[in-house]
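A short worksheet on the structure shown next.
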Amino acid sequence: MLATEACEGYLPSWLGTGPGVSLTDADKSWSRAENYGHDIIEDINNYVSGWTDWNLALDTTGGPNWVKNMMDAPILVDEMNGAEFYNQPMFYIMDHFSKFAPPGSRRIEFPKTKTLSNFHRTAFVTPDNWVVVHFMNRDDSAVTVSVKQTDSKTFTLSLPAHSMQTVILPASDATKIL
């Protein structure tokens, strides 16, 4: 199953981050990137095998689009100023997943914490036998987490407020592939 209908910038301000492109509003751009990260993690944790935005690149007005509901995109193309393009924060969130969990990676078991509602995580084992763990903290405060691996080793990580981090570890024979 593929998640293919994701997008940001389609809801009115009272429901989301507001309509249209967020090229000049850094807070809105990063908020939308967090929404992407959360969506990707939750979809992956619920058994999708791939994820993409239906608009990877749009112009600086959020189009073209057949419905004329202008949206935001990971890449904005400014054809009026010499065909420049801008990688938005959403681009870098998508990059986190595609760079560290390459094709052939398989999701592994990683129980969810019940006490941190704005903390999200997912994990994979790569074809080269590395464990890749993506952490996202959407909270206004830093979060420190300790993770016990299947080989009983433990690591602790502090995630700043509104951040995403990826940890890469060698896989063990006890790694449980889902």
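Could you list, in sequence order, all residues of the range 62-102 that are under 20 Å from residue 31 (Cα atoms) and either of a type in the set (D, E, K, R) or assigned to a strand (DSSP E or B) (or both)? Within the range 62-102, 72, 75, 76, 86, 87, 95 qualify. Here is the figure for the range 40-61: residues that are touching a strand residue (DSSP E or B) at 6+ places or on another chain (Cβ under 6 Å), of a type outside the set (Ser, Thr, Tyr), surrounded by 15 or more Cβ atoms within 10 Å (Cβ to Cβ) and assigned to a loop (DSSP other than H, G, I, E, B) total 1. Taken together, the residues in the range 104-123 that are without any contact (Cβ under 8 Å) to a residue 24 or more places away in the chain and not in a loop (DSSP other than H, G, I, E, B) amount to 1.
Of the residues making up the range 81-94, those that are surrounded by fewer than 17 Cβ atoms within 10 Å (Cβ to Cβ) and either in contact (Cβ under 8 Å) with a residue 12 or more places away in the chain or not assigned by TED's automatic domain parsing to the domain that holds residue 20 (or both) are 85, 86, 87, 92. Residue by residue through the range 110-146, note down the ones that are closer than 19 Å to residue 161 by Cβ and out of contact with any Leu (no Cβ under 9 Å at 6 or more places or on another chain). Residues satisfying the conditions are 113, 115, 116, 117, 118, 120, 121, 134, 138, 140, 141.
If you go through the range 127-178 and keep only what is basic (Lys, Arg) and outside any strand (DSSP E or B), you end up with 138, 153, 176. Might you let me know whether the range 104-120 holds any residue that is outside the structural domain of residue 29 (by TED's automatic domain parsing) and surrounded by 21 or more Cβ atoms within 10 Å (Cβ to Cβ)? Taking every residue of the range 104-120 in turn, at least one turns out to be outside the structural domain of residue 29 (by TED's automatic domain parsing) and surrounded by 21 or more Cβ atoms within 10 Å (Cβ to Cβ).
The values are calculated or read from the model by the stated rules, or taken from the named source; none is laboratory data. As the structure is a computational prediction, the values presented were derived from the model and not from experiment. Note that we place each Cβ from the backbone using ideal geometry, even for glycine, and neighbour counts take in every protein chain shown.
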